[in-house]
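Here is the structure we will look at, set down as structure tokens.
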Amino acid sequence: MALRVLHVLDHSAPLHSGYAFRTLSILREQRKLGWDTLHLTSPKQGAGTSLRDEVDGWTFYRTPSEEGTGLVAQMRLTAARLDQVVQETRPDVIHAHSPVLNALPALWVGRKRKLPVVYEMRASWEDAAVDHGTTTEGSLRYRISRGLESFALKRADRITTICEGLRGDIAVRGVPNERITVIPNAVDVATFAFGAQPDPALRTKLGLDGAIVLGFAGSFYGYEGIDLLIEALRRMLPTRPELRVLLVGGGPRDAALKAQAKDAGIADQVIFTGRVPHSEVQRYYELIDVLAYPRLPIRLTELVTPLKPLEAMAQGRMFVASDVGGHRELIRHGETGFLFKAGDAGALVQAIDEMLAQRDQWPRIAAQARRFVEVERTWTTSVARYREVYTQALAARGRRVTL
């Protein structure tokens, strides 16, 4: 009989986010392994009354809620709905994914129904709150958030996380190393065209003919440091008037970034596409000569590895990235990408200049980067690690299985 895993999620498709894309990649690979996956989203999916949704062939159980539901009420609703789904579907394992608002209900239901609970911490809740401006490090809310995160981590049967930085943060909370497994972010290389040529019609439409294009694709959060890229462009335009910046996506910093470009007198050289369908993002990537990931040096970026540089490597795109810990864990400087001092616009200018001066090396670097993801960072390789995690979680509850 197939292993049945019930995933408890913050949100899912049809919403677009790195979180949702990682989830779908995990689910696809687990299905390939012959496991039966079930999926419940929390009230963060959005207010509504739906109990189930079908999205692109996937069934998602939903947690009905109303607008303005508080965090404690969200956890209660998630716990009640999770208990219903457990009774209906009879899973072998509950796999709760960040944030801790999902882990706590999962632990409650797991104890009640005598089921093992695996908790996947993709980022710590307290750090996410700081980075979204809802609290400050060291505040009472921060300390409570960290306390709840540590409580959940110590009580789950097994812990998974996405990188070594977070593994270290979990260990210092008193969780034994043998209970922690890194399931790193990865890519499905078959979905990325290596070295594809840009669409000339789209290039013309965006006013990029004859330009050298610097770019960023993703969500416009403050910690992404996109303002540094706009400042770097301002400094470089006097000597490199052919440069343009293409920003693909949107988010909380959208208006501020547009205002920055306007105030600097370079609004015509900074192109904002707005959010584009995920299926179309590849076409915009192909217009960019040098991608930039200028993440700022804060706790979250030092600990957490992002997905975007891996996607760039899979496509053979050249990129520069700040030297925060999450990037250093992924990128081999000069071999698969280039690092520069985080938070320093001058260092970003120098890194871009150096890259543009050695175009003859780009094919070699692109090939090395593609090889890195093919060998070390495919979803097939990453998701295979859940086999041992689930085996150990079930054994902790007295169930011996061979997956």
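So which residues in the stretch 319-336 are closer than 21 Å to A232 by Cα and modelled with pLDDT of 95 or more?
Answer for the stretch 319-336, where residues must be closer than 21 Å to A232 by Cα and modelled with pLDDT of 95 or more: F319, V320, A321, S322, D323, V324, H327.
Any idea which of (1) surrounded by fewer than 19 Cβ atoms within 10 Å (Cβ to Cβ); (2) within 26 Å of G250 (Cβ to Cβ); (3) at pLDDT below 95 is the one F192 doesn't satisfy?
Every condition holds for F192 apart from (1).
Let me confirm something: among T63, T59, which residue is within 25 Å of the chain's Cα centre (by Cα), surrounded by 21 or more Cβ atoms within 10 Å (Cβ to Cβ), polar (S, T, N, Q) and not in a helix (DSSP H, G or I)? Break it down stepwise before answering.
Working: T59 fails: surrounded by 21 or more Cβ atoms within 10 Å (Cβ to Cβ).
The unique qualifying residue is T63.
Residue-by-condition table, conditions (1) open to solvent by less than 40 Å² (accessible area, probe 1.4 Å); (2) modelled with pLDDT under 90; (3) β-branched (V, I, T):
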{"residue": "P105", "(1), (2), (3)": "yes, no, no"}
{"residue": "G110", "(1), (2), (3)": "yes, no, no"}
{"residue": "D131", "(1), (2), (3)": "yes, yes, no"}
{"residue": "T160", "(1), (2), (3)": "yes, no, yes"}
{"residue": "N177", "(1), (2), (3)": "no, no, no"}
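State all residues of the stretch 271-285 that are touching a Leu at 6+ places or on another chain (Cβ under 7 Å) and free of Cβ contacts under 8 Å to residues at least 60 places away in the same chain; if no residue qualifies, say none.
Residue satisfying the conditions is F272 alone.
Looking at L82, L38, L77, which one is in a strand (DSSP E or B), hydrophobic (A, V, I, L, M, F, W, C) and more than 18 Å from the chain's Cα centre (by Cα)?
On the way: L82 fails: in a strand (DSSP E or B); L77 fails: in a strand (DSSP E or B).
The unique qualifying residue is L38.
Can you name the number of the only condition in (1) at pLDDT below 95; (2) closer than 23 Å to H327 by Cα; (3) of a type outside the set (G, A, S) that R283 fails?
Here R283 meets the rest and fails (2).
Find the strands (runs of 3 or more DSSP E) located wholly in the stretch 220-319 whose residues include 1 or more that are open to solvent by less than 10 Å² (accessible area, probe 1.4 Å) and over 21 Å from A351 (Cα atoms), and list them.
Working: elements: 243-250, 270-274, 290-293.
In the stretch 220-319, the matching strands (runs of 3 or more DSSP E) lie at 243-250.
Only one of (1) within 30 Å of E311 (Cα to Cα); (2) crowded, with 22+ Cβ neighbours inside 10 Å; (3) in contact with a helix residue (DSSP H, G or I) (Cβ under 6 Å, 6 or more places away or on another chain) is not met by T23, so which one is it?
Just one mismatch for T23, condition (3).
The values are calculated or read from the model by the stated rules, or taken from the named source; none is laboratory data. Note that this is a predicted model, so its numbers are computed, not measured. Cβ: placed from backbone, ideal geometry, glycine included. Neighbour counts: every protein chain shown. Note: accessible area is taken over every heavy atom of the protein model, side chains too, but ligands, DNA and RNA are not part of it. Shrake-Rupley method; radii C 1.70, N 1.55, O 1.52, S 1.80 Å.
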